[in-house]
Amino acid sequence: MRIILSTACIGNVPPAWEQEGVVDVYGIMGFIRFLAGDYMLVITDREEIGSIQGKKIYRIGAFQILPLAHNLNQLSVNQTAQEHKYVSLLETHIKKNIFYFSYDYDLTQTIQRQAQYTSEKAMEPLYKRADDRFFWNRFVCSKLINSQIDLSNYILPVMQGFVELDKCTINNKTFSWGLITRRSRYRPGTRYFSRGINAEGHVSNFVETEQLVLYDGPSPTRKVDGKTILSFVQTRGSIPVFWAQVINLKYTPRLWIGDNKKSLAAARAHFDEQIRIYGPQILVNLINKKGYELPMGQAYARTVEQLNDPRIFYTHFDFHSECSKMRWERIHLLVDQLKDKLTEQGYALYDTTQNSLLKKQTSVVRSNCMDCLDRTNVVQSTLARWVMTQQLNEIGILENGQKLEDQESFMHSYRNVWADNADGVSCVYSGTGALKTDFTRTGKRTKAGAMQDLQNSITRYIKNNFMDGNRQDAFDLFLGNFHVDTTATASLNPFKDTRPLRVRVVPYILMFSLFMLALNIVRPNYSGFKSYASYFLLLLFWLSVLISGIRFALRNGKDFVQWPKLVKLPDTEEVIESAEFTEAGKMAPPELSKSDLL
């Protein structure tokens, strides 16, 4: 559609003859209100990803934030600065994340859930059928949803995550396959500012990944509509206990684990919801069984043990230990361990021509590592490949005795799509692409891949410590976790830097001393013995200033971290001030009491 819009940006409204313009709009993401008034978020470019049953799926290519009629003259200087900051956060969030939508296919629901719709449910508007967890723009659409008139045709559910569909041929039989990864809008955020679980049972970085196979039969065809659709669903999510990693400029943050009784109640709420949606849970814990991650493994195992739910199966596979020294083929030890469970849970098989769900997936594998990114994605892709082998055998694409791993052309597609999926999930949460994607892409762990992982780890460190506060604020603003108070006065500026002056000047001192040190090294200025000695004294002076500044920053690390400004982190004060840690910076493993085991 096309709309007439004002070319005015933030500032004074220009004369009427300068205001009007025409722009092609492919959808309305929603509306959001700041201090000066409402803004409309519109999609101005799209990229077709593929189609399922003729229903096209798009990636958002570009957007605009359109200020509706308002004037900033009514705001104070401080409020104007706040307004610019809000708009900048909103723009950054939409620009840095990847969003998908479809006008007639429900991206938020799995094939199995869609196949079980009643006729009445299937006739509802798309936004009413959407899974609320993955309806990413639900908050900014509230003005349209709550309108007294029916605006269903303008409410477009947008999903954040990853979508890719690819067409392949095996044994002269053409089919499409792909992934739809859905990120939950509950408890979203960045790597260190969103960990564990909350009281409602929502965990950080919860992701549902659906692997699809679309097949029209053995007859050669250019286009695959999906007369037969097979689906296999897995989930990932943060370890469902109260825990945090308190960043303080050190590479390995301090680990804190909360009260066991609170964790138990929250975990029960989490798994009750998961079982209601997916059925029994097959929990695959991939964290280390010793060292820094040990307390988390103990806390998770204890929580599952205390839940004592027969619908929950728990296994702990120490990924780094089992696959050490690049022996990544040993992941098949885990597959062998889970084969019976995978066979029992099955997968969805949907005959779209008869509108008949021939098979159902009866449970789900829920995988996790510390971040639910790198190790998790490697394991999920391996489990999904094993299941796809069974699926392609059933519909006759693979012949008896054939292995999917031997299909070179297909495996190239498979590995790269799963690696792209890893990067898509990781970038939003950690700020970089995933680690270990060389194995996902090539089937081998390489030294070049290890060097790329080192680079990503360094980038993560910088972003997590010095940039993620703004990213977390952007999440909270877009998703409605923070509401701008339009009655707030200038003195209530949430972005005001309240740190002591001695803290705020340290970064400038460090930069200046580093500059002077480098300048004197690159362009030395001395002649004679005395000048030579003075030169080295000067170098030592700037070096001592630099070292003193670094030591001060490390001693007061939490004061130099960029913390979120809009929403107070849960239990932040409790974690920083009252948690007990070991000398190594790691919390001591929790001890089991008799009351805990009852």
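List of remarks:
- Of all DSSP beta bridges in the chain, antiparallel share, percent nearest 5: 85 percent
- Dipole of the chain, positive direction: furthest Cα of Leu566, Tyr186, Thr343, with charges on the beta-carbon: Leu566
- Residues with amide H under 5 Å from that of Gln116, placed H, sequence gap 5 or more: none
- Exposure proxy shown here: for Phe101, Phe313, Phe232, the number of other Cβ atoms within 10 Å sets the order, fewest to most, as Phe313, Phe101, Phe232.
- Charged-residue dipole, Cβ positions (Lys, Arg, Asp, Glu), the chain about Cα centre, Debye nearest 20: 1400 debye
- Backbone amide hydrogens, once placed in the peptide plane, bring Asp131 within less than 5 Å of Thr108, Gln109, excluding anything fewer than 5 places away on its chain.
- Remark on the stretch 39-183: Rg and Dmax equal 18.6, 70 Å (Cα only).
- Residues whose placed amide H lies under 5 Å from that of Thr190, excluding near-sequence neighbours: none
- Per-q log10 I(q)/I(0), the stretch 214-260, q = 0.25, 0.32 Å⁻¹ (Debye; single scatterer per alpha-carbon; no solvent): -0.94, -1.14
- Overall form of the stretch 496-561: prolate. Here a/c, set by the Cα gyration tensor axes a ≥ b ≥ c, is 1.5 or more, and a/b is the larger of a/b and b/c.
- 3J(HN,Hα) couplings calculated from phi for the stretch 171-187 with the Karplus curve 6.51 cos²θ - 1.76 cosθ + 1.60 (θ = phi - 60°) are, in sequence order, 6, 6, 10, 8, 8, 10, 9, x, 10, 10, 10, 10, 8, 6, 8, 8, 6 Hz; Gly and Pro show x.
- Label-zone membership for the stretch 273-288, site Glu200, 7 angstrom Cα→C-beta point, backbone N under 16 Å: 273-274
- Cross-link partners for Lys56 among the lysines, with Cα-Cα distance under 20 Å and sequence neighbours closer than 8 places in the same chain left out: Lys128, Lys167, Lys223, Lys227.
- Structure-based [θ]222 nm, the chain - -39500 (n - 2.57) summed over DSSP H runs of at least 4, per residue, nearest 500: -11500 deg cm²/dmol
- Of the residues Asn205, Ser430, Ile458, the one whose Cα sits farthest towards the positive end of the charge dipole of the chain is Ile458 (charges of +1 on Lys and Arg Cβ, -1 on Asp and Glu Cβ, taken about the Cα centre).
- For the stretch 307-381, size of Cβ-based charge dipole, Lys and Arg +1, Asp and Glu -1, in debye: 60 debye
Taken together, the values in this text are just the output of simple stated rules run on the coordinates, not laboratory data. What you are looking at is a predicted structure, and each value in this text was computed from that prediction instead of being measured. Backbone-built Cβ (ideal geometry, glycine too); neighbour counts: all protein chains shown.
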